[in-house]
Amino acid sequence: MATNGAEEIDESLYSRQLYVLGADAMKKMSMSSVLIAGLGPCGVEAAKNIILGGVKKVTLWDNQKASWFDMGAHYYMKEADVTSSRNRAACSFEQLKELNPYVSVELSDSAELTEAMISEHNVFIILAEAAGLAGRVFCDFGASHTVVDKDGAEPKQVLISSVVRDGDSFTVSCHDEVRHELETGEYVSFTEIQGLDGLLNRDFEIRVTGPFGFTIPANGITGDKSTNTGWLHQVKKPITISFNTLRKEMTAPSDFVLTDFGKFERPATYHACFRALAKFQATANDLPKPHDEADATKFMNLVNEINGSELQGAEKEAAKKFSFTARAKLQPVASAIGAIAAQEAVKAVSECLPVNPITDAKIADNRYASQIAAFGQGFQDKMLKQKWFLVGSGAIGCELLKNFAMMGLGKSYYH
């Protein structure tokens with residue numbers, strides 16, 4: 001991803017994004033160029049969202065051919081694309097370039113990613129990958145990346161009952177034991193508080209002493225105690241964060257996004273699974289076959305080797321299921337992982353805080369091959385016979401309709 005020259009923002013088209021992100025972030029997006037390498041189910045979802053988001057230019061590249069496993073979660077891919085072994089990027093190029101008239105969409109016909117292509121988009125790197133029911137997202141925004149808004153929330157305002165001198169600092173107390181929900185090192189300002197000269201119109205770094213109070217430096221303030229109540233206003237300051245390279249995060253991950261507090265070990269297990277999947281593919285030139293015990297045994301040996309010890313209990317079972325379903329490309333999973341990747345691209349240019357560096361049968365010759373591989377033919381037969389009623393077709397409703405259609409929900413009923 002790279003940034004260059006600015007253009008006017010169409011407020012009627014981007015009204016909702018302007019409300020959420022602000023004009024400055026939208027201008028930065030309109031100057032950004034994005035290279036999307038890999039137009040599989042995750043890639044096409046990310047491309048769709050990024051183009052609709054309003055960047056300046058998107059370049060599509062892929063060196064893989066369309067497959068039945070792709071088709072089940074790739075809404076621009078047709079049967080003719082699979083039978084003719086068409087390039088995956090070419091399958092979606094025409095439809096993607098029609099999504100937003102303000103975005104230039106180009107198709108690269110290069111057989112490999114060249115240094116020139118990468119150097120044009122070498123500012124931020126985002127990796128998104130889905131395998132069966134598992135997915136991961138990795139972000140590398142460089143050794144020094146500035147974030148102007150660490151949480152995207154509205155700045156807090158809290159009623160203050162008193163500000164009292166205590167040696168070289170002032171103790172600030174919230175009114176009626178209202179929690180301030182601030183952290184040490186954050187900044188605040190004050191309004192309407194009287195009796196202390198030099199308190200207003202300044203930003204103070206705080207040191208939290210409890211949920212209802214904190215201290216601020218006394219430098220430049222005269223007086224001993226406030227004479228009335230007033231307001232505290234959180235002041236968000238830019239922060240600088242650094243990212244590890246993908247190579248370093250693969251071997252020594254710094255942190256994971258914990259999505260299930262009942263399964264603390266699961267992120268590390270999936271991290272080992274994705275590394276093992278890459279090794280398996282490099283050795284066998286293929287992914288583990290669906291529900292194949294022999295491939296699962298080979299895969300588990302790789303996982304245990306990477307993990308440094310043999311997985312036990314629930315983690316062993318999760319890794320084995322990962323092998324059973326890794327070949328499958330499921331529309332809901334691809335939709336979620338691709339959307340997260342697109343969101344991280346928006347954060348990269350809007351200077352919001354990204355996610356932690358790492359977050360983690362017989363083949364059917366039809367578009368449902370991936371779902372059958374993951375869940376079995378019986379599951380797919382039930383999906384085809386469903387009768388659902390969807391209320392509302394706005395942005396979320398349309399996304400649901402897309403996913404339902406790709407999964408074959410109710411297809412037999414209507415045909």
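In segment 370-400, the qualifying residues are those that are closer than 13 Å to GLY410 by Cα and assigned to a loop (DSSP other than H, G, I, E, B), and the one that is nearest to the chain's Cα centre (by Cα) is LEU390.
Can you tell me which residues in segment 325-351 are touching a Phe, Trp or Tyr at 6+ places or on another chain (Cβ under 9 Å) and in a helix (DSSP H, G or I)? Scanning segment 325-351 gives THR325, GLN331, GLU344, ALA345, LYS347, ALA348, VAL349.
Scan segment 208-224 for residues that are surrounded by 12 or more Cβ atoms within 10 Å (Cβ to Cβ) and under 17 Å from GLY167 (Cβ atoms) and jot them down.
So in segment 208-224, the residues surrounded by 12 or more Cβ atoms within 10 Å (Cβ to Cβ) come out as 208-209, 211-218, 221, 223-224.
Scanning segment 208-224 gives THR209, GLY213, PHE214, THR215, ILE216, PRO217, ALA218, ILE221, GLY223, ASP224.
For segment 24-31, does any single residue satisfy the condition of being surrounded by fewer than 20 Cβ atoms within 10 Å (Cβ to Cβ) and at positive phi? No, because not a single residue in segment 24-31 is surrounded by fewer than 20 Cβ atoms within 10 Å (Cβ to Cβ) and at positive phi.
Tally time: how many residues in segment 160-182 are outside any strand (DSSP E or B) and more than 14 Å from PRO211 (Cβ to Cβ)? Summing the residues that are outside any strand (DSSP E or B) and more than 14 Å from PRO211 (Cβ to Cβ) in segment 160-182 gives 2.
Within segment 323-337, being under 14 Å from ALA294 (Cα atoms) and crowded, with 24+ Cβ neighbours inside 10 Å holds for one residue alone: SER323.
Every read-out reported here was derived from the displayed coordinates using simple, explicitly stated rules and does not represent laboratory data. Because the structure is predicted, anything quoted here is derived from the model rather than measured. Here the Cβ is made from the backbone with ideal geometry for all residues, glycine too, and neighbour counts use every protein chain on show.
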